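**Q** This is the structure I want to talk about, given as structure tokens.
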Amino acid sequence: MIKGKLIHTVFFWLNNPDNDKERKTFEQGVSRLLNECEHITSSHLGTPAKTTKRPVIDTSYTYCIVVTFESIKEHDLYQEDPIHLKFIEENKNLWKKVQIYDSSSL
């Protein structure tokens, strides 16, 4: 069972996914965000899994983060948290696309 009542899933497509320096910069930035933001209940940082290729699986993204929150209020506080805003400001030049899916636990 996932901890948290609101699940915030974010997919990033980097401008230069083969650039090791840019990947390291992104990973360090997102790791700081996930480890330092007090509003986060739990988190995951990953890359596309090497699972069997099927038409329904999208592996075109570079990174995925999953962040959980105990409430919508905690999510909203996260959105305005200086740590989150700093991550965006310092790293937005690294990505060409971001796609977010939010869901509430049943």
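**Q** What is the dipole size for the chain, taken about its Cα centre, with +1 at each Lys and Arg Cβ and -1 at each Asp and Glu Cβ, in debye to the nearest 20?
**A** 540
**Q** With springs only between Cα atoms under 10 Å, which of SER71, SER43, SER60 fluctuates most in a Gaussian network model of the chain?
**A** SER60
**Q** Moving on. For the range 63-69, just list the computed ³J(HN,Hα) in residue order, Karplus coefficients 6.51, -1.76 and 1.60, θ = phi - 60°, integers in Hz, with x standing in for Gly and Pro.
**A** 9, 10, 10, 10, 10, 10, 9
**Q** Now a separate question. Order of THR47, THR52, THR68, THR59 from fewest to most other C-beta atoms within 10 Å?
**A** Starting with the residue having the fewest Cβ neighbours, the order is THR52, THR59, THR47, THR68.
**Q** Would you mind calculating the gained length between SER31 and SER103 on full extension (0.36 nm times residue separation, minus the Cα-Cα distance), in nm to one decimal?
**A** Computed gain between SER31 and SER103 is 23.7 nm.
**Q** Quick check on the chain: what are the equivalent-ellipsoid semi-axes from the Cα gyration tensor, as sqrt(5λ), descending, whole Å?
**A** 23, 19, 11
**Q** Let me ask something else. For the range 25-72, rounded, prolate or oblate, judged on the Cα gyration tensor with a ≥ b ≥ c (square roots of eigenvalues), a/c < 1.5 rounded, else prolate if a/b > b/c?
**A** oblate
**Q** Same structure, new question: Hand me the trypsin sites (Lys or Arg not before Pro) from the range 16-48 located in a DSSP loop with no more than 16 other Cβ atoms within 10 Å, in residue order please.
**A** none
**Q** Further, regarding this structure: Around ASP81, with a cut-off of 13 angstrom between Cβ atoms, what is the net charge of the other residues, counting Lys and Arg +1 and Asp and Glu -1?
**A** -3
**Q** Tell me the label-point distance for the pair ASP76, HIS44, using the 7 Å Cα-to-Cβ offset, in nm and rounded to one decimal.
**A** It works out to 2.8 nm between the two label points.
**Q** Also: What does a probe at ILE83 reach in the range 19-40, counting residues whose amide N is under 19 Å from the point 7 Å along Cα→Cβ?
**A** In the range 19-40, the label zone of ILE83 (backbone N under 19 Å from the point 7 Å along Cα→Cβ) covers 25-40.
**Q** If you rank LEU85, LEU33, LEU94 by fewest surrounding Cβ atoms within 10 Å, what's the result?
**A** LEU85, LEU94, LEU33
**Q** Taking amide H atoms as placed 1.01 Å from N in the peptide plane, list the residues 5 or more away in sequence, or in a different chain, whose amide H sits under 5 Å from that of TYR63.
**A** PHE12, LEU14
Rule-based calculations on the coordinates, nothing more; no lab input. Keep in mind that this is a model prediction, so the values were computed, not measured. A quick note on method: Cβ atoms are made from the backbone with ideal geometry, for glycine too, and the neighbour counts reach across all protein chains shown.
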